[in-house]
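Written out below as structure tokens is the structure these notes cover.
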Amino acid sequence: MHTIELIKVRKSYDQFVAVNDLSFSIEQGRVFGLLGPNGAGKTSTIRMMIGITVPDSGHINLFGKPFERTGLQKIGYLPEERGLYKKMKVLDQLVFLGELHGMEAGAARQKALEWCKRLEIDAWVQKKVEELSKGMQQKIQFIAALLHDPDFIIMDEPFFGLDPVNATLLKDVMLDLKRLGKTILFSTHRMDQVEKLCDSICLINKGTAVLQGDLKTIKSQYGKNNVQIEYEGNGDFLEKNPLVSAFNNYGNYVEVRLAPGADAQQLLRMVADRSRVNKFELMEPSLEEIFINTVGKTNA
Amino acid sequence: MHNIFIIARREYLERVRSRAFVIMTFFIPLLILGVTVLPSMLMLRGTKETKRMVIVSPDRDTAEMIRSRIEQRQEEQKPGQQEDGAQVKRGGLSAAHYTVEVSTDASEASRTALTEKVNKKELDGFLWATPEAVSARKLSFVTRDTSSFIENGILGQTVSDALRRHALKSKGLKEDDIEAALQPVDVEAESPLGKNAPNPQVMTIATMVMVMIMYMTVLLYGVGVMRSILEEKTSRIMEVMLSTATSKEMMAGKILGVGAVGLTQVGIWAAAGSVYAAGPLIAARAMIKNVLSPSLLIYFAVFFLLGYVLYSTLCAAVGSMVNSEQEAQQMQFLVMMPMILAVIFIFNIFQHPNSPIALFGSLFPFTSPLVMFGRVAMQPDIPWWQIALSIALLLATIYAMVWLCGRIYRIGILMYGKKPTLPEIIKWIKYA
């Protein structure tokens, strides 16, 4: 069953088309990445999925049925812009948001305490939100999205502003949720995380899907003609090299795509001649590279 | 429906529990109580203190007469002997009880000696009542005391009274005749509608107080709605809530929740006020009972609620449009303008309740809650159709404004950045 299905969904504000006949679907139990540069239409798409705005045209099916507001109580939403009542106590706030999602106050309270314990903020439940650090507020927001045990979890930039320890904690929670059969949608432009977690993706740019499908399939389509090179010395010669068709410098290493027909061994010799090579790996392109190249192509 | 309740309840509980609410609710009545009751209580306590004064007059009769009047007056005012607190008038409370002595030595040396005693605090005061001073109608009381005994003219009145009696007595009038002739007369204003109708002066003051309470509360809580929506917008919690509640539910919940806080506060004040008025220290409690008739209280509730809903709806739209406190303040002034004007004109309207401006103000929905209520209170014979028309127009306007502001709110809460222009707002209203 599809948890959510968008069929030719369109939304425009005045002359500006934010979402342009976008179609995609997410199967139950999958982790889906909604990717795109800033302003691509990710948030506009999500807002239509949770009924904050209504599409100008097209259809949205939620849990296998045409969109109905009653379905919203089974959705957990973590918006990109985090927001909580600053003067309200943590526990009261969670109970309030739980009740808005159809929970009983007592059950919401119990669940909130369980989650706070799991995310190691149970000492803070009686504090006001404004007394908490940014990272702790993030966790509370995260709990607010999961408290009512939703079947479909939408997270807009979930790792934004988290330190590595907390990011790992959240990642483990999400893997648990996946194991429980929950459907998760990530919206982000941080490709490294998507690569670790997502089963399938939809890459949108200017409101249109430019690449979508199973992540493994997409990557294998590109074949193993990417090379990641770690070296000491000046690597400028790689950028304008006839053996290389694309070049991305990530600081500590570079990733290049081989030009059609180019031999990787030839490239290795060339690099070894001019610098000290620490690592030379043939691999599938990283999602980041696919992203940059695809978006770059559609923008051109 | 359930969401409206949850949102309203959160708003209510958070606000009622807040320090600001507790301070406002309990501090303001305490302040009023403190300003009015405390000084009189302190003065009453002051009567336990005994002070000494000397009346100097070469004519023992005059001096004795003054002394007996002062003692009699002080006797009348002992707090324990008052039958009804209502009889206590402001001037009647003296700061201390004086024991009065009489001296017939009116020489300069005696005056210097007495002055010296007052300076050394061996004596609290002396009244220089020589025949010259009496015929000049100007006596001096040398004292360090600055209490109401002097300042409210009690001593002056008492001495005048004594001298009058003394003069009449010396003309051969009998004690009883003097008493009868000097009996004071009370004049009280009475409404032409009969004895039980409230005193017009008290009525005006009471109505003014109620109009001001309505004005302040609508203003305060309307702005409260606006700020709280602005806070939700800037803290972005809006988006989490919107993922399950509709914008209509959020707006309704907010207005109801904040309104309930306003009612609670007014209710606490009213309760405190009635307890206060029932106490022995308020003179006009019978009159207040007449003024605050049940029908007037119902009118107050109706116009207060309608006025609050109208203005808080407008404020909700403003709160959703703007992005900062500064922007909100500029807009809030514009929105509140009609009410401010109504308050400026309210005295004029009280004086001429049938003038065209009063009629317009009591029908125009943005001023009618204050003006119509004021007219209903001040003018019991107001035609019923005017009241009905006023309420009907108010209801129709509220209906239209809820629709209009709901549409602005729905878009406004999702719009960040610059303040919208009027054409943009019109576009929002037209969005599907």
- May I ask you to list the residues in region A:64-92 that are within 9 Å of chain B (Cβ to nearest Cβ) and part of a helix (DSSP H, G or I)? A:Arg69, A:Leu72, A:Gln73, A:Asp92
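Every residue, every condition in (1) assigned by TED's automatic domain parsing to the domain that holds A:Glu131; (2) free of Cβ contacts under 8 Å to residues at least 24 places away in the same chain; (3) surrounded by fewer than 16 Cβ atoms within 10 Å (Cβ to Cβ); (4) farther than 17 Å from A:Lys11 by Cβ, yes or no:
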| residue | (1), (2), (3), (4) |
| --- | --- |
| A:Thr45 | yes, no, no, no |
| A:Met49 | yes, no, no, no |
| A:Asp56 | yes, no, yes, no |
| A:His59 | yes, no, yes, no |
| A:Thr70 | yes, yes, yes, yes |
| A:Lys74 | yes, no, no, yes |
| A:Tyr85 | yes, no, no, yes |
- Message: Among the residues in region A:209-230, are any in contact with a strand residue (DSSP E or B) (Cβ under 9 Å, 6 or more places away or on another chain), of a type outside the set (Ser, Thr, Tyr) and over 20 Å from A:Leu287 (Cβ atoms)?
- Response: no
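Checking the structure you have, find out if any residue of region A:251-268 is at pLDDT 80 or above and of a type in the set (Lys, Arg).
So far as region A:251-268 goes, yes, one or more of its residues are at pLDDT 80 or above and of a type in the set (Lys, Arg).
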- Scanning region B:361-379 for residues that are modelled with pLDDT under 90 and hydrophobic (A, V, I, L, M, F, W, C), which turns out surrounded by the fewest Cβ atoms within 10 Å (Cβ to Cβ)? B:Met378
- Message: All but one of (1) within 13 Å of chain B (Cβ to nearest Cβ); (2) touching a strand residue (DSSP E or B) at 6+ places or on another chain (Cβ under 6 Å); (3) at pLDDT 90 or above hold for A:Asn61; state the number of the condition that does not hold.
- Response: (1)
- Considering only residues of region A:1-43 that are without any contact (Cβ under 8 Å) to a residue 40 or more places away in the chain and in a strand (DSSP E or B), which is nearest to A:Arg190 (Cα to Cα)? A:Ser25
- Whichever residue in region B:215-249 is buried (at least 24 other Cβ atoms within 10 Å of the Cβ) and more than 10 Å from every other protein chain (Cβ to nearest Cβ) and, among such residues, is nearest to B:Pro353 (Cα to Cα): B:Val218
- Query: Any idea which residue in region A:95-128 is surrounded by the most Cβ atoms within 10 Å (Cβ to Cβ), counting only those that are within 14 Å of chain B (Cβ to nearest Cβ) and in contact with an Asp or Glu (Cβ under 7 Å, 6 or more places away or on another chain)?
  - Reply: A:Ala108
- Just one listed residue, out of B:Tyr409, B:Tyr416, B:Tyr399, is out of contact with any Phe, Trp or Tyr (no Cβ under 8 Å at 6 or more places or on another chain), within 14 Å of chain A (Cβ to nearest Cβ) and surrounded by fewer than 17 Cβ atoms within 10 Å (Cβ to Cβ), and it is B:Tyr416
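The values are calculated or read from the model by the stated rules, or taken from the named source; none is laboratory data. Treat the numbers as computed from the prediction; the structure is a model and nothing was measured. Virtual Cβ from ideal backbone geometry, glycine too; neighbours counted across all protein chains shown.
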